[in-house]
Amino acid sequence: MTAVRLYRTMALIREFETAASRLMASGELAGFLHLSIGQEAVAAGVCDVLGPADYLTTTHRGHGHCLAKGADPRRMLAELFARATGYCGGRSGSMHVADPALGILGANAIVGAGVPIALGGALAAQVLGEPRVAVTFFGEGAVAEGVIHESLNLAALSRLPIVFVCENNGYAEMTPSSTHLRASSVTEYARPHHIPAESVDGNDVLAVRDAAQRAVDRARSGDGPTLLECRTYRWHGHFEGDAQGYRTTAEVDLWRARDPLTVLRKNVDGLNGQFDDIDRDCADEIAEATVWARAQPPAALESLTDHVYRAQEVG
Amino acid sequence: MTAVRLYRTMALIREFETAASRLMASGELAGFLHLSIGQEAVAAGVCDVLGPADYLTTTHRGHGHCLAKGADPRRMLAELFARATGYCGGRSGSMHVADPALGILGANAIVGAGVPIALGGALAAQVLGEPRVAVTFFGEGAVAEGVIHESLNLAALSRLPIVFVCENNGYAEMTPSSTHLRASSVTEYARPHHIPAESVDGNDVLAVRDAAQRAVDRARSGDGPTLLECRTYRWHGHFEGDAQGYRTTAEVDLWRARDPLTVLRKNVDGLNGQFDDIDRDCADEIAEATVWARAQPPAALESLTDHVYRAQEVG
Amino acid sequence: MTRRKYWQAINDALREELGRDERVVLFGEDVGAPGGPFGATKGLLSEFGPTRVRDTPISEAAITGMAVGAAMAGLRPVVEIMFLDFLPLALDQLANQAAKSSYLSMGHYSVPLTLRTFCGAHLGAGPQHSQNLEAWPASVPGLKVVWGSTPADANGLLKAAIRDPDPVVVIESARLWSTRGEVPDGHVVPLGEAVIRRPGTDVTLVCWGGMVPRAEAAAAALGAGGVSVEVLDLRSLLPLDVPRILNSVSRTGRLVVAQDATGPGSVGSDVVRIVATQGFGALRAAPELVTPPFAPVPFPPPLAHAYFPQESEIAAAVRRVMPKEIAAG
Amino acid sequence: MTRRKYWQAINDALREELGRDERVVLFGEDVGAPGGPFGATKGLLSEFGPTRVRDTPISEAAITGMAVGAAMAGLRPVVEIMFLDFLPLALDQLANQAAKSSYLSMGHYSVPLTLRTFCGAHLGAGPQHSQNLEAWPASVPGLKVVWGSTPADANGLLKAAIRDPDPVVVIESARLWSTRGEVPDGHVVPLGEAVIRRPGTDVTLVCWGGMVPRAEAAAAALGAGGVSVEVLDLRSLLPLDVPRILNSVSRTGRLVVAQDATGPGSVGSDVVRIVATQGFGALRAAPELVTPPFAPVPFPPPLAHAYFPQESEIAAAVRRVMPKEIAAG
Ligand SMILES: Cc1ncc(C[n+]2csc(CCOP(=O)(O)OP(=O)(O)O)c2C)c(N)n1
Ligand SMILES: Cc1ncc(C[n+]2csc(CCOP(=O)(O)OP(=O)(O)O)c2C)c(N)n1
Ligand SMILES: [Mg+2]
Ligand SMILES: [Mg+2]
């Protein structure tokens, strides 16, 4: 059943990132960690209407998207732990999860850069006549990067099977959206390209899923791109450790009160028992995954220069 | 009188570029030459409402803009001839005319690149509290470059005193606009940034001037940027020597029939005698300028490495 | 074996690859209906159709990014960046994305894209259309960079690039665009192999791309004067053919590198550095790097001529590394 | 003279320049209200107001272009590109515009802009936040590039950059962010001058930026073992201080360059090339260039540690260029 599946995805992301946050705080993880806690409905709603063959690119804040697309939380945690059995052999960390089996072309640490890469997935589907679509996630801050406008234009001109999903969480690092963008909705940026666009409540997973279904159907039937703006909020800082001087706890609390998991509980009747079970299951799954990942062998020093080239002939 | 002044500017550009075309055909000029014959009304109309202190950036097709801003045709021709007395000492050629005395921050051979540079002029005016505005010219093909969207956004956010002038001549090199852009008007790209925009007949110099006046007034009074689309057409190829297989002579003839100089003659009464005199004067002025420029000393070989740095201390 | 112009040999290679592998797609500014800004893609749109050969808007970053994604998704995209000078606009996608995807994904992905670009040096097109920026891509782990100096190499390197599983930048020379040469049938030039254009015993003269004819001319002139110059055309700038470079210098004991790029951060700087560090014992004289002055490229043909190293300048450098008595000869 | 952390010394320099010249303006992502992504612009917005200190959107190309135009129009803009890895996004504006404006206009314009950027190497932030791309700007005629390795130099070079009439790229090191040192009052470090961090007689060890402490440590360890290493901190990567480099090598006869950048197209490659071509006679052994392997930067700290050259690796290279009997000592 859809609501249960969606809840499960959100709960799993929530548990995964809550665990990651704890692991970072306790010093078990290195590097930068950008969490999407509070934004889970976007990942869950959009990816629910995708199959494993569909392409996906995401950002520095991409754990949720990858998990919702079907990524194994154990191998994702192993990657965060820099373990050899992580998605990238533990060598790339939080910001670069990629998996051909799931169509995940990659998370990305360069703001905006994943967007044209997703175009390429869509182009391949179009050229090869495959019924795949591509979805690219990006933040509202990324809309200031020129390459996104170039990509909207290209997608529109070639009627590429792609869905642009903007997670508008109100901030780019420590700076509020009003400093970055004049438009009151990111959907406005789709208009000049004549790309259909919709703005949805990004904390309402059913609304996100419905809008995503319309967009994916459009793409899959050859009618070209769509842009979805999902209005949401991140509960944690830009990265774990962010002092967050740029916002009030009152603002955060307002959004915590609109927890996407709670919203779904309220929107569907009589499933709280199942949801409680799911919460427990996910907590268990992530606890086990953490134990498993922690116990994995570390990224091998000998792997330092592996796979610089597919054809390993360059010194 | 305005119409006479505007006619004079257009006629001067027409003569200048017609001469340049001939000089290129006869082998006297080197490099690439991109002419704006047929588009003169845009340069004349816009620059007529600017003063020498206002900033301007333009493109590979920028002779008209520079002349309309007040550039000396002799020194411009000298630059095309690669003569030492040209605007850039003859060292930069057709695509890089620049002159601080006229606020010309430079023509540019990189599509789109002049646009953010003009923002800088506008920023300086704003910071220093000077009543200057900046105008940036670009083609409709350049609208596909991301940096233009970044620049629109920045200008809107900072309410910069700038006017974005898009000369929509229907082609980018050998490819028609429909291959580059989905929007039916370039003004659409201004909307998401909440930048006022107007589309005008780019062959009607009075209409261009009126729209430019509104835009410049807005900028000068602190109300921020405007985008103007001027719909026009280039009679010559993308560059001199272009075989132009991508369009019909019928199409060119249609636009030749809408010659901006003729349009002005039709739109104002009783000035044909003056206009004829102006035609003759401009022909004479350019003929003399050509003779002068040709006779100038060539760009000095010894200047090869001059001015790489302002402080010439690097070897 | 056919006699072809440089640009025709490129056109042939593209046609051959589009014909033999339906995963090959072509896109870029003016590459479709117009047949390429300089003719290299003539006829390909009508032959292979608009799904596989596409005109794109002027969006260097996005079209390169699209090529990256398409390559990851199973196509063999060939994207064109009209001038090498515009590469900075595509460089994030090239250096931060294409080059790193295989490494980042621990080899789960590869990025078999080919990026063709045109070095406008010697066209008289001025400082933003004449730069030799080959060292930028050639310094990025994960990329490969090649540059043919003959129609045969332009053809054979391009085909090898398209067939290669890694991202390859293929540079083409305005300077050589209309030069003619034999192109063997089914010609493919393996990436990473330099070639001796002229054997010699006194001095190794390293060059590539548009510089090769000037280096050959200098060598011929010097040969007539009794100095035997070995002309080594790198063809592949990344990876460099270090064994062939060292082998040549081990025989000659003398090295001159001639390039159209300015010195700092250049491929020629690397060649000198590699020989100095790995072939020091073989060097019988200080190596020389012949470059333009450290300045942008001026527009006027006479200044551009003075700017780019010419035969006489190269010959003078060769003479400088020779012992006095022979050099004078 | 005050004891300051590296980032505080940067903050001091910005405050001083904003205070002494009202043409100085600051902009970039998070530089205003947040006080900079890493604190370097703390307090400046409130002190100098939103006209002169601005938060910008994430638009590296446009903000760099805006800085170019602003500099041409009489301001002294200081623009921040958050990580050196993002420089490609700004590179057209930097290399094709800022660098060429003076040349193209025959000196009618100059572009006194300062571009500050942050090298994230050693932060554990992975392959797109850890690159040492200093050679790209340092290879462009018309630009200057500096990189301080101490709080005093970070301060004094930044001020010199802001006062300089030409476009200057100022790199700052994550690795050194919290290191402490004395900063003399009114300190200004002239662009283009290297400094001897430790005098020595046996080997010249060239380094810069985040590498300097490791080179100094290696030199100290070698000194204890009887090898006298002269540590030369370049500080300025463009222009290079060729006289000081050659002078040092003329005294030591031996050269090792240690860098966090990969080898091809690097500043270290240039240093070796310059010494090989201009100081060949002084060289008593093959020079060495110590670099990471030719690969992207891995994320895990142990792998990153293995990737970047450490003290022991540098010391080993120094020993290799020394005659056997001394090196063993
Ligand atoms: C090209 C580039 N510029 C700047 C950064 C630094 N940076 C990382 S995340 C971020 C903010 C992104 O904001 P947004 O797109 O809204 O995504 P969010 O973090 O809110 O999910 C910035 C500026 C970067 N990684 N890449
Ligand atoms: C970044 C960049 N990409 C491509 C080019 C090659 N180019 C020169 S002019 C041009 C077409 C520009 O079209 P448009 O903006 O409409 O101006 P128009 O020539 O019509 O005046 C192109 C693609 C360039 N100079 N710079
Ligand atoms: Mg955001
Ligand atoms: Mg046009």
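Data table
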quantity	calculated
Rounded to 10°, Cα long-axis angle of helix C:242-252 versus longest principal axis of chain C	20
Value of D in µm² per second that Stokes-Einstein yields for region A:2-300, Kirkwood Rh from Cα pairs, at 37 °C (0.692 mPa s)	172
Cα-based equivalent ellipsoid of region A:211-315: semi-axis lengths in Å, sorted from largest, via gyration tensor	35, 26, 21
Angle between chain C longest axis and helix C:151-163 axis [Cα atoms, degrees, rounded to 10]	50
Principal-axis tilt of helix C:311-321 within chain C, Cα atoms, nearest 10 degrees	50
Inverse of mean 1/r across different Cα pairs in region D:2-183, Kirkwood, Å	16.0
Chain C: relative contact order as a whole-number percent, Cα under 8 Å and 6+ apart	16
Nearest-to-axis residue of chain A, judged by beta-carbon position, where the axis maps A onto B, in Å	A:GLY146, 1
Calculated log₁₀ intensity ratio I(q)/I(0) where the Debye formula runs over C-alpha points of chain C, q = 0.07, 0.10, 0.11, 0.15 Å⁻¹	-0.27, -0.56, -0.67, -1.20
Inter-site label distance for C:ARG284 and D:ARG20 at 7 Å from Cα along Cβ, in nm	5.6
Inter-centroid distance (Cα atoms) of region C:162-195 relative to region C:78-103, Å	19
Rounded to 5, percent antiparallel among DSSP beta bridges of region C:195-328	20
Cα-based Kirkwood hydrodynamic radius, region D:120-195, one decimal, Å	13.4
Counting all C-alpha pairs of the protein assembly as shown, share separated by more than 64 Å (%)	7
Alpha-carbon centroids, region B:57-89 and region D:115-144: separation in whole Å	37
Chain B - percent relative contact order, Cα under 8 Å, separation 6 or more	24
Rotation relating C and D, chain D residue nearest the axis via C-beta, angstrom	D:ALA276, 2
3J(HN,Hα) from dihedral phi, region D:6-20, Karplus parametrisation 6.51/-1.76/1.60, rounded to Hz, x for glycine, proline	3, 6, 5, 5, 5, 4, 4, 5, 5, 4, 4, 6, 4, x, 8
Neighbouring partner chain Cβ atoms per residue of C:282-292, average, 10 Å criterion	3
Label geometry 7 Å along the beta-carbon vector: B:GLY270 inter-copy distances in nm	8.9
Exam field: A:THR2 pseudo-label spacings to other copies (7 Å along Cα-Cβ), nanometres	6.0
Globularity index of region A:1-56, i.e. its alpha-carbon radius of gyration over 2.2 N^0.38 Å	1.32
Other protein chain Cβ atoms within 10 Å, averaged over every residue that makes up C:77-89	4
In nm, spacing of pseudo-spin labels at C:HIS305 and B:ASP72 (7 Å Cα→C-beta vector)	2.9
Magnitude of the charge dipole, the protein assembly as shown, Cβ model with Lys/Arg +1 and Asp/Glu -1, debye to 20	1880
Binned Cα-Cα distances of region A:54-184, short to long, each 10 Å bin given as a whole percent	14, 40, 33, 13, 1
Number of partner chain Cβ atoms within 10 Å, mean per residue of B:136-148	6
For D:LEU246, label point 7 Å along C-beta direction: distances to other copies, nm	2.9
Unit charges at the beta carbon, dipole of region A:2-300: most positive-side option, A:VAL147, A:ALA43, A:LEU29	A:VAL147
Helical segments meeting 30 Å axial Cα length and Kyte-Doolittle -0.5 threshold in chain B (DSSP H)	B:2-25
Check: chain B dipole with +1 on Lys, Arg Cβ and -1 on Asp, Glu Cβ, in debye	320
13 Å beta-carbon shell around A:THR226, net charge (K/R +1, D/E -1)	0
Largest-first ellipsoid semi-axes for region D:195-328, taking √(5λ) over the Cα gyration tensor eigenvalues, angstrom	22, 18, 13
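We did not get these values from a lab; they are worked out from the coordinates using the rules stated. From a predicted model like this one, the values you see are computed outputs, not experimental measurements. With ideal geometry, Cβ positions are generated from the backbone for all residues, glycine too; neighbour counts draw on all protein chains shown.
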